[in-house]
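Have a look at the structure below before the remarks.
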Amino acid sequence: MGGHDGSSGEECHEHQVAPPLRDKFETLALGLFKAIDSPVTFFREKVVLPLQTRNNEKFYHRRFSRVPTVDNCDFEDPVCVYEADEQYFRDKLVDSNILKILRQRKVECEYWEGPDASYKCRKFVEDYEDASTNWFIKYGDIKTRKGAIEAYMKQKHRLIWERRNPDKPLH
């Protein structure tokens, strides 16, 4: 009866296994996690998400509508010329940043590839050369604060030169 012959299905109190320390630690950690996570989750689900679903408008950066170019402006229309100049300066800034990114990609590829850069970085070099040529065709040889009228005149002179010299390619 009192022996340990194993005939009974129950174990005596001397052989009951106490929960290991690891289980107690996990229970404590889970309790702390729930104590911290519950208010945060409640706030997110009840306050933040409803506010976000109300405002469905996606906003990445300021978007300017395109304005007429300077060749579409009437003579002596300073507002139209001003808007065309602002559009020109924004376009120049965007094109300059694109060129800067392409240059950085080319330089990083050349540093990374080392001696093999001449054939492994060919696409980066070609992309940069094309973009820099196009940038110079549009913005090169124009002073910094000159606007859309000067760029338009440069484009007009280039087109006249190309028409007069069809056998000489510019790029």
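Out of the residues in segment 68-119 meeting the condition of being more than 19 Å from TYR139 (Cα to Cα) and aliphatic (A, V, I, L, M), tell me which one is surrounded by the most Cβ atoms within 10 Å (Cβ to Cβ).
Residue satisfying both the conditions and the ranking: ALA117.
Working only within segment 57-90, note down all residues that are aliphatic (A, V, I, L, M) and in contact (Cβ under 8 Å) with a residue 60 or more places away in the chain.
VAL70, VAL81, ALA84
Which residue is nearest to LYS154 (Cα to Cα), if the candidates are limited to segment 64-90 and must be within 25 Å of the chain's Cα centre (by Cα) and outside any helix (DSSP H, G or I)?
So, considering only residues that are within 25 Å of the chain's Cα centre (by Cα) and outside any helix (DSSP H, G or I), the one nearest to LYS154 (Cα to Cα) is ARG66.
Looking at segment 128-160 only, could you name the residues that are in contact with a Leu (Cβ under 8 Å, 6 or more places away or on another chain) and either exposed (fewer than 14 other Cβ atoms within 10 Å of the Cβ) or without any contact (Cβ under 8 Å) to a residue 12 or more places away in the chain (or both)?
Selection gives ARG158 alone.
So ALA151 passes all but one of these: (1) out of contact with any Asp or Glu (no Cβ under 6 Å at 6 or more places or on another chain); (2) farther than 21 Å from ARG66 by Cα. Which condition number does it fail?
(2)
So, LEU93, is that one at pLDDT 90 or above, in contact with a helix residue (DSSP H, G or I) (Cβ under 8 Å, 6 or more places away or on another chain), within 29 Å of LEU170 (Cα to Cα) and in a helix (DSSP H, G or I) or not?
No.
Residues checked against (1) in the same structural domain as GLN87 (by TED's automatic domain parsing); (2) at pLDDT 90 or above; (3) more than 31 Å from the chain's Cα centre (by Cα):
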position	(1), (2), (3)
ARG122	yes, yes, no
TYR128	yes, yes, no
SER132	yes, yes, no
ILE137	yes, no, no
ILE142	yes, no, no
ARG145	yes, no, no
ILE149	yes, no, yes
ILE160	yes, yes, yes
LEU170	no, no, yes
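Do we have ASP130 as assigned to a helix (DSSP H, G or I) and closer than 29 Å to ASN72 by Cβ here?
So ASP130 passes the test.
Would you call ASP5 of a type in the set (Asp, Glu), at pLDDT below 90 and surrounded by 10 or more Cβ atoms within 10 Å (Cβ to Cβ)?
No, not satisfied.
The values are calculated or read from the model by the stated rules, or taken from the named source; none is laboratory data. Model, not experiment: these values are computed from the prediction. Here Cβ is always computed from backbone atoms with ideal geometry, including for glycine, and neighbour counts include all displayed protein chains.
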